[in-house]
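**Student:** Before anything else, here's the structure in question.
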Amino acid sequence: MNGSVQQTQMTQMSNATEHTGSGYYVIPKETVQLIKTLTFCGIIPVLVLVGLVLNTLCCIMFYKLKTITSTVVLLFSLAITDNIILLVAAMNSLSTASSYYQIPFTIQQRIQVIPYFDTYFNAIPARIGNTITLLISLERLFCVLQPMKIKQYSSKKYGIIAVAFVYIFTFTMCLPLLFIYRTKEIYSNKTASFVSIIQPTELGRNEAFSDSFYVTMATLFKLVPVFGVMLSSTITGGVVLTSARRRVKMTTSSQVTSNQKEMQVTRTLLFLTFSFFVCQLPTGILMIIIFIGMTPYKYTSNIFEVAMSVGYIPQVLNSCINFIIYYKTGEVYRKEIKSLFCRKDEPTKINGT
């Protein structure tokens with residue numbers, strides 16, 4: 001869960017704790033509002049604009065490649081998913097601005113979409129992106145461990161099947177989120193009119209189910225990808241370092257050229273997965289602390305509220321920087337990127353990627 005639903009729950013909980021005097025407001029409310037405003041109305045919009053441009057360039061680059069393998073399909077789908085993540089981040093920024101300033105959405109408009117968009121669709125793109133990144137990391141590990149066998153599985157067909165499975169699996173596993181909250185109209189004596197409020201459904205009131213479901217989803221789509229990428233990338237890097245010299249000595253000149261291209265792609269993907277791990281780790285650690293120490297998303301103080309908001313910045317940043325990684329770390333990708341801006345250069349044919 002993230003975005004507006006998380007903020008709505010925290011607001012409801014903080015209002016309750018304010019009356020009970022339980023000390024929820026460790027950080028002054030004005031400071032929290034300032035931090036959230038700077039994050040969601042200042043930093044995030046800039047990252048969104050930059051990321052949309054860079055990821056679009058990534059999509060064009062991969063589309064122009066003559067050789068389309070499973071790796072290319074995964075990277076292409078990751079660029080598309082990152083753009084969707086950035087659009088969701090833009091909606092979260094608008095929602096945060098509306099919660100403080102009632103612009104561009106009113107309270108009633110926000111309440112109407114929370115049970116559907118904010119609760120369900122808001123969570124899906126990031127989970128898909130995390131899973132695809134894990135697949136990229138595992139495929140690269142398989143590539144360095146079994147370089148001969150990987151060729152029969154690295155086709156465009158298998159890449160499309162893998163991406164389709166990730167999308168269908170994620171949408172299906174997250175379906176219960178559609179049935180956690182509902183909007184309900186009640187009569188307000190204060191305004192002398194009917195207003196919409198958010199209420200948990202019977203399923204949402206089942207704390208044993210909802211808490212275990214949130215923990216399961218966070219583990220499956222956040223913690224497993226983050227630490228899985230760390231483990232597989234560490235093994236991949238170790239294998240590459242220990243076997244690089246031996247492979248060069250045992251191969252012919254033509255094979256050396258092919259291996260050099262493969263090594264460049266491996267290096268690029270290692271940088272990509274490493275940046276993913278670094279950007280996702282802060283919120284991953286916070287989730288572990290929260291799940292162990294308290295009920296999911298029912299924080300004991302607003303320190304966690306602020307920490308999760310600030311931790312959202314590197315998450316969005318992770319969806320912006322892949323284009324830079326491709327350009328800086330891989331000659332094969334750098335040539336293709338340059339061809340986007342220079343018509344004289346022929347598209348580079350990348351074998352085995």
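Just so you know, all these numbers are worked out from the coordinates, no wet-lab data involved. No experiment lies behind these values; they were computed from the predicted model shown. Neighbour counts are summed over all protein chains in view; Cβ atoms, including those assigned to glycine, are modelled from backbone coordinates with ideal geometry.
**Student:** Between GLN146 and TYR100, with labels modelled 7 Å along Cα→Cβ, what's the label distance in nm to one decimal, could you check?
**Tutor:** Computed distance between label sites GLN146 and TYR100 equals 5.2 nm.
**Student:** Before anything else, pin down the relative contact order of segment 73-183: Cα pairs under 8 Å, at least 6 apart, normalised by residue count, whole percent.
**Tutor:** Reported relative contact order: 41 percent.
**Student:** Taking the highest mean first, how do the peptides 114-120, 46-52 order by number of other beta carbon atoms within 10 angstrom per residue?
**Tutor:** 114-120, 46-52
**Student:** What is the extension gain from GLN199 to GLU331, computed as 0.36 nm multiplied by their sequence separation minus the C-alpha to C-alpha distance, in nm to one decimal?
**Tutor:** That pair, GLN199 and GLU331, stretches by 42.1 nm at full extension.
**Student:** If you don't mind, another one. Go ahead and run the numbers for FRET between SER243 and ILE60, Cβ-Cβ distance against an R0 of 35 Å, rounding to 0.05.
**Tutor:** The computed FRET efficiency comes out at 0.55.
**Student:** Shifting gears a bit: When each pair of different Cα atoms in segment 15-173 is counted once in the 1/r mean, what is the Kirkwood radius in angstroms, to one decimal?
**Tutor:** 18.5 Å
**Student:** What is the packing order of peptides 161-168, 227-234, taking the mean over residues of other C-beta atoms within 10 Å and listing the highest first?
**Tutor:** Those peptides, ordered most packed to least, come out 227-234, 161-168.
**Student:** On to the next question. If you take the square roots of the eigenvalues of the alpha-carbon gyration tensor of segment 127-203 and sort them as a ≥ b ≥ c, do you get rounded (a/c under 1.5), prolate (a/b over b/c) or oblate?
**Tutor:** prolate
**Student:** Nearest 20 debye, what's the magnitude of the dipole of segment 3-341 about its Cα centre given +1 on Lys and Arg Cβ and -1 on Asp and Glu Cβ?
**Tutor:** For segment 3-341, the charge dipole is close to 1540 debye.
**Student:** At 7 Å along the Cα-to-beta-carbon direction for both VAL46 and ILE235, put a label point, then send me their distance in nm to one decimal.
**Tutor:** That separation, rounded to one decimal, is 4.0 nm.
**Student:** What residues of segment 173-207 lie in the reach of a label at THR216, counting those whose backbone N is under 12 Å from a point 7 Å from the Cα along Cα→Cβ?
**Tutor:** Once the point is set 7 Å along Cα→Cβ of THR216, 173-177 turn out to lie under 12 Å by backbone N, inside segment 173-207.
**Student:** Just to confirm my numbers, what's the Cα centroid distance between segment 150-227 and segment 21-46 in Å?
**Tutor:** 25 Å
**Student:** Now for a separate question. If the chain between VAL224 and ILE160 were fully stretched, how many nm would it gain, using 0.36 nm times the residue separation less the Cα-Cα distance?
**Tutor:** 20.8 nm
**Student:** Now a separate question. Which whole-number percentage describes the relative contact order of segment 3-341, with Cα contacts under 8 Å and a sequence gap of 6 or more?
**Tutor:** Result for segment 3-341 is 26 percent.
**Student:** Place a point 7 Å from Cα of TYR25 in the direction of its Cβ. Which residues in segment 280-303 have their backbone N less than 15 Å from it?
**Tutor:** Taking a point 7 Å out along Cα→Cβ of TYR25, the residues of segment 280-303 whose backbone N falls under 15 Å are 301-303.
**Student:** Okay, moving on. Per the Kirkwood formula on distinct C-alpha pairs, the Rh of segment 3-341 is how many angstrom?
**Tutor:** 21.9 Å
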